[in-house]
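The next block holds one structure in the form of structure tokens; read it before the comments.
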Amino acid sequence: MPRLVSHPDEVKIISRRFGQGAAEIDRYIELDGYKAAQAAIEKGPEWIIAEMKASGLRGRGGAGFPTGMKWSFVPKQSEKPKYVLVNGDESEPGTCKDHLIFLHDPHAVIEGTLIAGLAIGAKMGFIYLRGEYRYLLKIMEKAVADAYAKGFLGKNIFGSGIDFEVVTQTGAGAYEVGEESALMESLEGKRGVPRIKPPFPAVVGLYGGPTVINNAETIATAPHILLMGGEAYAKVGTERNGGTRLFGISGHVERPGVYELPMGFNLKRAIYEVAGGIPGGKKLKAVVPGGSSTPVLLPEEIDVGLDFDQMAKAGTMLGSGGVVVIDESVCMVEFALRTIKFYQHESCGWCIPCREGTDWLKKSITRLHAGGAVDKDIDNIRYLAENMMGRTFCPLGDAAAMPTIGFVKKFRHEFEEHLNGKGCPYEHQREAVLV
Amino acid sequence: MSTPATTIFSPALAARFDKLVTLYPVRRSALVPMLLYSQDEVGYISDAVVEEIAVRIGITPLDVRNVLSYYSMLRTKPVGKYNVQVCTNISCMLKDGYGILDHCKQRLGIGHKEVTPDGLFSLEEVECIGACCWAPAVQINYDFYDDLTPEKMDKVLEDYRAGRGKETL
Ligand code: FES
């Protein structure tokens, strides 16, 4: 069972039921569960969307799009049925926050799905979990069954005359399915390749109907926002970045774990105070701040607030909230290689710049790490990555290129150390990565 | 699109599939879960599995194969009874995930995507499994093992060998 952590600097909103037994529906109800859904039924869609907009909540999957606005884009009248789709395909390396939500607070996901459904006038919601999360799917399935048994889902929910169905779904191993249009393809029983946009899901989505797709954390936050009020939630964070989010701090820190911190919380403090700093008296070398696709930061760049805008200003992204901390013992070329190896493996092959680009990057960095490169290969790696940017169907191409560019830019000297037959100066170089 | 007269699945799984195809606006939405659940029961996606799922959903076997080949968890060959999946992605790599992988290779005497001669274990190096803050992490079939050391890994393997391992399905 994943370890839970705690720190006085945390502001527990979404994680406040973690470790409280809230996977059981009665306990969830005791802890204010399903109150927000009832308020939402009573007060109606306009109120829900107004509160969501006031909350300043931005998508927790990584893109950071304002949730209230996303919900408001769904047309009121639609000939085709509308749907809510919860993205629990958590697969961005460095990210394990939704894992804890499904484990400790599955009803918050269900209640959030229902609230989103009420807001847009959908009658059906899907909760999609990555295939590896089978034990969490079982927890979700039980929670859904319990909610049906109480009359919170199904026909005439809470005696309101409104119907709402929730279906859980398993994936079967594919990072790409975390992309929203690929997720819809997968749920329709197809290969998870992205769709061309526009049309956007809010207009033509799942089964051709208007669809709201949100990350599991975003959805699970909605009930809390309705309970505490959008404005109160917004105040916890920074301007245009409402509330808190779950940050998973992993790698070389004393106390790795998932911490709920206010948006805008200082990254340096998160690493040194909240997660306890770097073990063994080692020096910090680099931080990947928001999952493996976000450009790396140097130690002198981490005195920055963890919100979408401040991170963008720092030349990187808030991403998925997965902060990966790297100490001085790590070869950054090896780290770059492991990163690109992942994207090469996960590229769905649908479009050429990503399929070929990730493959060539992997091959080039592999060769460089082994000592088989010359100086101009470093520029070639950067040139190749830069030419993938913005030229692919979906963000996977950028997700592979952005970190690569960052590693080359900020650790060029380490790339240089490997050149002309020298190979990796770090003794923990391993054959395994070179395969 | 029908319920086949005879089935290769257990009565429980067949009944589950009968229901599954009715849950969605289109039957085909049940395809990915059906493939995974079939694999859980049969051990891999055999030709017979493909044929029956195609009939149940009302698509061609080729359609089924087209989808099957996309998803990394779906396989067309058997693996060990316990498939040991070691994450070596970034957070795990920083916490010696490769050390755990090497340790498993040595203990089990097999490499990546190989099966022990007795069929009990297979080994796989996998991408991030969503346990990064509890790295290094391993999944055996569907069960997670976190914060591993070589010693802890030995204990986990020993438990499975002795038939005491967790088995979430
Ligand atoms: S990197 Fe190993 S579980 Fe995420």
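Coordinate-derived values only; no laboratory data. Owing to the predicted nature of the structure, the values given are computational and were not obtained by experimental measurement. Please note: Cβ atoms are built from the backbone with ideal geometry, for glycine as well, and neighbour counts cover all protein chains shown.
Determine the percent antiparallel among the DSSP beta bridges restricted to the protein assembly as shown, to the nearest 5.
Working: 23 of 50 bridges.
Within the protein assembly as shown, antiparallel bridges account for around 45 percent of the total.
Between A:ARG240 and A:ILE162, the contour length at 0.36 nm per residue exceeds the alpha carbon distance by 24.7 nm. Here the extension length gained between A:ALA145 and A:VAL203 equals 17.9 nm, from 0.36 nm per residue of separation less the Cα-Cα distance. Structural descriptor for chain A: relative contact order 16 percent, calculated from alpha carbon pairs under 8 angstrom and at least 6 residues apart. Between helix A:332-346 and chain A there is an angle of about 50 degrees, using the helix long axis and the longest principal axis of the Cα atoms.
Placing a pseudo-label 7 Å from each Cα along the Cα-to-Cβ vector at B:THR76 and A:HIS345 gives an inter-label distance of 2.1 nm. Approximating the spin labels as points 7 Å out from Cα along Cα→Cβ, the A:ALA39-to-A:GLN77 distance works out to 3.3 nm. Principal-axis analysis of the Cα atoms of chain A puts helix A:106-120 at an angle of about 70° to the longest axis. Where both bridge residues fall in chain B, DSSP classifies roughly 55% of the beta bridges as antiparallel. Rounded to 0.05, the FRET efficiency of the A:LYS363 and A:GLU328 pair, given R0 = 22 Å and the Cβ-Cβ distance, is 0.20.
I need to check one value: relative contact order of chain B, counting alpha carbon pairs closer than 8 Å and at least 6 residues apart, in percent. Write out the running numbers ahead of the final one.
Details: 242 pairs, mean separation 29.9, N = 169.
About 18 percent, as a whole number.
Given their separation in residues at 0.36 nm each and the Cα-Cα distance between them, B:SER46 and B:GLU114 gain 22.6 nm when the chain is fully extended.
Distance between the modelled labels on B:ILE8 and A:LYS409, one decimal in nanometres: 5.2 nm (7 Å Cα→Cβ projection).
With R₀ set to 45 Å, the beta-carbon distance separating B:ARG107 from A:HIS7 gives a calculated FRET efficiency near 0.75.
Which order do A:HIS369, A:HIS104, A:HIS413 fall in if you start with the one that has the fewest other Cβ atoms within 10 Å? Present the calculation step by step, with values, prior to reporting the outcome.
Numbers: A:HIS369 22, A:HIS104 19, A:HIS413 8.
Neighbour counts put them in this order, fewest first: A:HIS413, A:HIS104, A:HIS369.
Among A:LYS285, A:LYS142, A:LYS80, the residue with the largest mean-square fluctuation in a Gaussian network model of chain A, with springs joining Cα atoms closer than 10 Å, is A:LYS80. When you restrict to C-alpha pairs under 8 Å that are six or more residues apart and normalise by the size of the stretch B:11-70, the relative contact order lands at 27 percent. GNM on chain A, alpha-carbon springs under 10 angstrom: the most fluctuating residue among A:LYS150, A:LYS268, A:LYS362 is A:LYS150. To the nearest 10 degrees, how steeply does helix A:134-149 sit against the main Cα axis of chain A, on a 0 to 90 scale? In chain A, helix A:134-149 runs at an angle near 10 degrees to the longest axis.
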